[in-house]
Amino acid sequence: MLENIVVWLGDELAFAGSSLLDTSKRVSVWYLASALLFAGVLLTVRYGRQGWLRLQPYLSWRVWFHRSARTDYQLWLVNRLLLALLIPKTLTQAVWISWLYFYWQEHGFRDLQLGWSTSVVMVLFTLCYFLIDDFSRFFVHWCMHKSPWLWAFHQVHHSAKVLTPFTVFRTHPVEGLLFFLRSMVSQSFVISVFLVAFPNQVSLWQIYGVLVTTFLFNVFGANLRHSGVALSYGPRIEKWLISPAQHQIHHSVARHHYDRNFGVMLAVWDRLFGSWHAGHDDQAIRFGTQQAIDDMGMIGQWSQPFKDIQRLLRDRIKHRQMWLKQLSQKNAPHD
Ligand SMILES: [Zn+2]
Ligand SMILES: [Zn+2]
């Protein structure tokens, strides 16, 4: 038993380590380097030699070894182990897709027989996949800020006092589980609908269109979003794409930055929901929630959300009891 646990632990840790060299993973050394190069070139074009000085927060060991950053690494590793234990290996996307595929067919959804060429179907598939995936990320994130029950868990991500690319993994396991379900549901939905509507026209190679967008997102600075390097995409592109500077605003302690920029890739969702805030290269932002959780280590990051949920429940019960008491007093017969 113990031997099995040690072997499993060793395998999972080796897998986590190897993901740092895996070109399909966002926080691989390749994308960490490409983000640096991208920001370096863009800032040099904008500010000349001074531009490189703006990269200092990305390279500073004080940031990478900050207590907050060390908590990011711990959460990254331990959450990986926990989610590997909690999510059964059999619950793959293929299972969801085939379940939905038969569900659509049982409910009368069939081949649309539109006669469209494979390339048209491919473009449509890539577009739908990208838009639904990006919107569902935005919407779940939006809910995490608007519901106090969900915010209790999401505050862990916002408690980072310094941002490093690993802050993307600074999440509570409950949030990790929710986002895992989100990606399963949204991606399986699009793939299964296309498999039924355009049989024999959607195959695995068409997913490359989606992989290309993820690749471009990673090459061009996905890792800068969680960093101290303020980089905007310029006034025109900023309105359409979420720049690193925009996501840094999302992490700001400043009151006028609260609940701004929930998006991942597209800025249009935030503009539609009225939560968009443009970023600037010269913005100076302090990160965190300014609550006690900011200074907590890994155990505190795990337990504090449950304490907050307990408090919310107590308040809810107290409220209800008061309401019932008022109601019974109102309905009591008067002398
Ligand atoms: Zn957030
Ligand atoms: Zn973030």
In Hz, Karplus ³J(HN,Hα) per residue of the range 22-30 (6.51, -1.76, 1.60; θ = phi - 60°; x = Gly, Pro):
7, 5, 8, 9, 4, 9, 9, 4, 5
Report the extension gain between TRP240 and LEU77 in nm, rounded to one decimal, defined as 0.36 nm multiplied by the number of residues separating them, less their alpha carbon distance.
55.3 nm
Placing unit charges on C-beta atoms (Lys and Arg positive, Asp and Glu negative, everything else neutral), compute the dipole magnitude of the range 22-117 about its Cα centre in debye, rounded to 20.
660 debye
Just to confirm the filter: which trypsin sites (Lys or Arg not before Pro) across the range 276-335 are DSSP coil and have at most 12 other Cβ within 10 angstrom of their Cβ?
ARG286
Semi-axes of the equivalent ellipsoid for the chain, please: Cα gyration tensor eigenvalues, times 5, square-rooted, ordered largest first, whole Å.
33, 31, 24
Taking N as the number of residues in the range 242-335, the ratio of its alpha carbon radius of gyration to 2.2 N^0.38 Å works out to 1.71
With contacts defined as alpha carbon pairs under 8 Å and 6 or more residues apart, what's the relative contact order of the chain in percent?
22 percent
On the accessible surface of the chain, probed at 1.4 Å, how many percent belong to carbon and sulfur atoms?
67 percent
Send over a whole-number figure in Å² for the accessible area per residue of the range 2-328, probe 1.4 Å.
55 Å²
Can you tell which of LEU114, PRO199, GLY221 lies farthest toward the positive end of the dipole of the chain, using +1 and -1 charges on the Cβ of basic and acidic side chains (Lys, Arg; Asp, Glu)?
GLY221
Pop a pseudo-label 7 angstrom from the Cα along the beta-carbon direction at both TRP323 and MET296 and give the gap in nm to one decimal.
2.8 nm
Write down the Å³ per residue value for the convex hull defined by the alpha carbon atoms of the range 253-304.
127 Å³
Residue by residue through the range 217-231, what is 3J(HN,Hα) from phi via Karplus (6.51 cos²θ - 1.76 cosθ + 1.60, θ = phi - 60°)? Round to whole Hz and write x for glycine and proline.
4, 6, 5, 8, x, 4, 6, 7, 4, 9, 6, x, 7, 6, 9
Rounded to whole Hz, the Karplus (6.51, -1.76, 1.60) HN-Hα couplings of the range 129-141, x for glycine and proline:
4, 5, 5, 5, 5, 5, 5, 5, 5, 4, 5, 4, 5
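How much net charge surrounds PHE262 when only the other residues with a Cβ under 9 Å from the Cβ of PHE262 are counted, with Lys and Arg +1 and Asp and Glu -1?
Values: positive: ARG137, ARG260; negative: ASP259, ASP270.
Surrounding charge for PHE262 is 0.
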GNM on the chain, C-alpha springs below 10 Å: top fluctuator among ASN200, ASN79, ASN261?
ASN200
If you place +1 on the Cβ of every Lys and Arg, -1 on the Cβ of every Asp and Glu, and leave all else neutral, what size is the dipole of the chain about its Cα centre, to the nearest 20 Debye?
980 debye
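The values are calculated or read from the model by the stated rules, or taken from the named source; none is laboratory data. Predicted model, so just to flag it, every value in this text is computed and none were measured. Quick reminder, even Gly has a Cβ in these numbers, built from the backbone with ideal geometry, and neighbours come from all protein chains shown. Protein only, heavy atoms only, side chains kept; ligands, DNA and RNA dropped before computing areas. Shrake-Rupley method; radii C 1.70, N 1.55, O 1.52, S 1.80 Å.
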